[in-house]
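Peer 1: Got a structure here, written out as structure tokens. Questions coming.
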Amino acid sequence: MRILICNTFGRLMGGIESYLACVIPALVEKGHELAMLFERDSPAAHRLLPIPGQGWFVSKIGVSQTLDRLREWCPDVIYIHAMSDPGLEQALIETAPAVLFAHDYSATCISGAKRFAFPRPSCCSRRLGAECLVNYFPRRCGGISPITMWQNYQNRRARLEMMQGYRRFLVASEAMQQEYLRHGFAPDRVEVVPLPVPPMVAGDAGGESTAGAIDSSEVRSGDRSNAMHLLFAGRMVRMKGGEILLQALPSITKKLQRPLKLTLAGEGPAKAEWEAQARILCAQNSYITVEFTDWLDHTDLRKLMGTCDLLVVPSLWPEPFGTIGPEAGTAGLPAAA
């Protein structure tokens, strides 16, 4: 089968791209013929996703030429993930039978966060509609611009209408399935397909087996003279909760009566702010160490997990379901959310 895979970014950026890096080779192994369509070839410092066949970047050749080339290639099915250009997405849906993997709430929430920030952070289960406009400012669902709120609301409504053209929707969890059923999509069109988690292999955790990684972690945790090593791995944006995690470190170390080391692995717009916060925190607390790394590929992340005691997932929004928790589990690293 000829499958065209479409995404905004053609380089490893976050969860969606990590998913594609795992799925693309698996589809090739099953004998499918693949082509890739990416909107952007950036940032240049990030590793390119695998392109086993033809590949087109809209940022390089434009929308018109991209559509001409993919129509000449004549895909049997188009597998779409994140797309930033609604016009391009509509054209893709009209070109061949299309399947959407709904990774987030970009079509069902004005802000995309699916949460209330006031009076306390809480999840939202509303169906997108006029009530969202009423609650947007009082419950602090997003920004402070009424113009942006209205534009985003209109865009979300238009995308939900456009999504009726998809043949099938894939989601990673029952919670995401319920989200789309609430928005009127038929149950037989929304299918739960668990995200692939690469198995633990020799060398992933510094050459040790999974059992060895678990044992070494238990030994470290039992010695209170050593720092407990916490790991945050993900995109560095406010909703991921890095700021709250850093604020909590002094109370955590006081309760545990031992030093703490926190490693934050990833990139994103909040990284500089978190780094500044961490510098102040460490200057005021000699028993706390915080370090940052860039985005890590699968192998390097597994090696880092082998040195840690606990994965922390301090998200302030209802995560659609990522791979980081199960991946930590296969590496013998417990997780707390």
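The values are calculated or read from the model by the stated rules, or taken from the named source; none is laboratory data. On a predicted model such as this, the values are computed, not experimentally measured, just so you know. Methodologically, a virtual Cβ is constructed for each residue, glycine included, from the backbone with ideal geometry; neighbour enumeration extends over all protein chains shown.
Peer 1: If you take the residues in the range 213-252 that are among the charged types (D, E, K, R) and farther than 22 Å from residue 306 by Cβ, which one is modelled with the highest pLDDT?
Peer 2: Once the filter is applied, the top-ranked residue is 243.
Peer 1: Can you tell me which residues in the range 175-192 are under 18 Å from the mean Cα position of the chain (by Cα) and either in contact (Cβ under 8 Å) with a residue 24 or more places away in the chain or under 18 Å from residue 109 (Cα atoms) (or both)?
Peer 2: Result: 175, 176, 177, 179.
Peer 1: Specify which of the listed residues (301, 264) is farther than 30 Å from residue 179 by Cα and either hydroxyl-bearing (Ser, Thr, Tyr) or not in a strand (DSSP E or B) (or both).
Peer 2: Just one listed residue meets the conditions, 301.
Peer 1: So, residue 263, is that one of a type in the set (Ser, Thr, Tyr), more than 16 Å from residue 248 (Cβ to Cβ) and in contact (Cβ under 8 Å) with a residue 24 or more places away in the chain or not?
Peer 2: Considered against the rule, which asks whether it is of a type in the set (Ser, Thr, Tyr), more than 16 Å from residue 248 (Cβ to Cβ) and in contact (Cβ under 8 Å) with a residue 24 or more places away in the chain, residue 263 comes out as no.
Peer 1: Go through 46, 81, 32 for me and flag whichever is at pLDDT 95 or above, more than 30 Å from residue 147 (Cβ to Cβ) and in contact with a strand residue (DSSP E or B) (Cβ under 9 Å, 6 or more places away or on another chain).
Peer 2: The match here is 32.
Peer 1: Then there's this: For the range 292-337, enumerate the residues that are surrounded by fewer than 21 Cβ atoms within 10 Å (Cβ to Cβ) and of a type in the set (Lys, Arg).
Peer 2: The answer is 303, and nothing else.
Peer 1: Kindly evaluate residue 88 against the criterion of being surrounded by 15 or more Cβ atoms within 10 Å (Cβ to Cβ) and either assigned to a strand (DSSP E or B) or in contact with a Gly (Cβ under 7 Å, 6 or more places away or on another chain) (or both).
Peer 2: In short, no.
Rundown of residues vs (1) crowded, with 20+ Cβ neighbours inside 10 Å; (2) among the polar types (S, T, N, Q), yes/no style:
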{"site": "13", "(1), (2)": "yes, no"}
{"site": "17", "(1), (2)": "yes, no"}
{"site": "61", "(1), (2)": "no, no"}
{"site": "64", "(1), (2)": "no, yes"}
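Peer 1: To continue, here is another question. Hey, could you check the range 269-288 for residues that are closer than 19 Å to residue 257 by Cβ and outside any helix (DSSP H, G or I) and say which is nearest to the chain's Cα centre (by Cα)?
Peer 2: This residue is 288.
Peer 1: Hey, does the range 321-331 have a residue that's among the small types (Gly, Ala, Ser), modelled with pLDDT under 95, over 29 Å from residue 109 (Cα atoms) and touching a Gly at 6+ places or on another chain (Cβ under 8 Å)?
Peer 2: Yes - at least one qualifying residue is present in the range 321-331.
Peer 1: What residue, among those in the range 221-247 that are of a type outside the set (D, E, K, R) and free of Cβ contacts under 8 Å to residues at least 60 places away in the same chain, is surrounded by the fewest Cβ atoms within 10 Å (Cβ to Cβ)?
Peer 2: 225
Peer 1: Taking the range 309-337 on its own, how many of its residues are in contact with a helix residue (DSSP H, G or I) (Cβ under 8 Å, 6 or more places away or on another chain) and assigned to a loop (DSSP other than H, G, I, E, B)?
Peer 2: Residues flagged as in contact with a helix residue (DSSP H, G or I) (Cβ under 8 Å, 6 or more places away or on another chain) and assigned to a loop (DSSP other than H, G, I, E, B) within the range 309-337 amount to 16.
Peer 1: Which of the residues belonging to the range 95-136 are assigned to a strand (DSSP E or B), crowded, with 16+ Cβ neighbours inside 10 Å and in contact with a Pro (Cβ under 8 Å, 6 or more places away or on another chain)?
Peer 2: Selection gives 115 alone.
Peer 1: Any idea how many residues of the range 41-66 are in a strand (DSSP E or B) and in contact (Cβ under 8 Å) with a residue 40 or more places away in the chain?
Peer 2: So the answer is 2.
Peer 1: Considering only the range 190-198, I want to know if a residue exists there that is surrounded by fewer than 16 Cβ atoms within 10 Å (Cβ to Cβ), out of contact with any Lys or Arg (no Cβ under 7 Å at 6 or more places or on another chain), among the aliphatic types (A, V, I, L, M) and within 19 Å of residue 80 (Cβ to Cβ).
Peer 2: Yes, the range 190-198 has at least one match.
Peer 1: Take residue 45 and tell me if it is of a type in the set (A, V, I, L, M) and surrounded by fewer than 16 Cβ atoms within 10 Å (Cβ to Cβ).
Peer 2: Against the criterion (of a type in the set (A, V, I, L, M) and surrounded by fewer than 16 Cβ atoms within 10 Å (Cβ to Cβ)), residue 45 qualifies.
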